1. Would you list Asp4, Asp12 from the most to the least accessible area, probe 1.4 Å?
2. Quick one: with all protein chains in place, what share of the accessible area of the chain is carbon or sulfur, to the nearest percent (1.4 Å probe)?
3. Using a simple spin-label model with points 7 Å from Cα along the Cα→Cβ vector, what separation in nm is obtained for Asp4 and Ser49?
4. Which value at 222 nm does the chain reach when only helices count, each DSSP H run of 4 or more adding -39,500 (n - 2.57), with the total divided by all residues and rounded to the nearest 500 deg cm²/dmol?
5. Pop out the ³J(HN,Hα) list for segment 49-54 in order, Karplus 6.51 cos²θ - 1.76 cosθ + 1.60 with θ = phi - 60°, rounded to Hz; leave Gly and Pro as x.
6. With every protein chain in place, what's the accessible area of Lys15 (1.4 Å probe, Å², nearest 10)?
7. Using a Förster distance of 30 Å, how high is the FRET efficiency between Val56 and Ala30, based on the Cβ-Cβ distance and rounded to 0.05?
8. Hey, rough spin-label estimate for Ala11 and Leu72, points 7 angstrom out along Cα→Cβ, what's it come to in nanometres?
Amino acid sequence: MTTDAPAPIDADTKKRQTFGRKLRAARHRARITQQELADKSGIGFQQVSHAECGRVWPSLPVYLKMCRALGLEDAPLSGR
């Protein structure tokens, strides 16, 4: 009987997941849904969903649109 261990998570995946958690927390503080954030940002719902799940990095223009829609200044979700 073999047990397949999950593949190790690489550093980039961990960073995407951390970003996604920060994005979700900011959206919750703003008390809006993923669809509302997408609408306010002028982007697709799936872009918000995939960013929150850590599947993708949003492009810089999309990132800035989401920050503006959340009322955040100076792109604080980056953690820099």
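1. Descending accessible area places them as Asp4, Asp12.
2. Roughly 53 percent of what the probe reaches on the chain is carbon or sulfur.
3. 2.5
4. The per-residue figure over the chain is -17000 deg cm²/dmol.
5. Ordered by residue, 3J(HN,Hα) equals 4, 5, 5, 5, 7, x Hz.
6. Rounded to the nearest 10, the figure is 120 Å².
7. 0.90
8. For Ala11 paired with Leu72, the spin-label model returns 2.2 nm.
The values are calculated or read from the model by the stated rules, or taken from the named source; none is laboratory data. Bear in mind that the values here come from a model prediction, so they are computed numbers and not experimental data. Positions of Cβ are backbone-derived with ideal geometry, glycine not excepted, and every protein chain shown enters the neighbour counts. We work out accessible area using only protein heavy atoms, side chains counted, and drop any ligands, DNA or RNA first. Shrake-Rupley method; radii C 1.70, N 1.55, O 1.52, S 1.80 Å.
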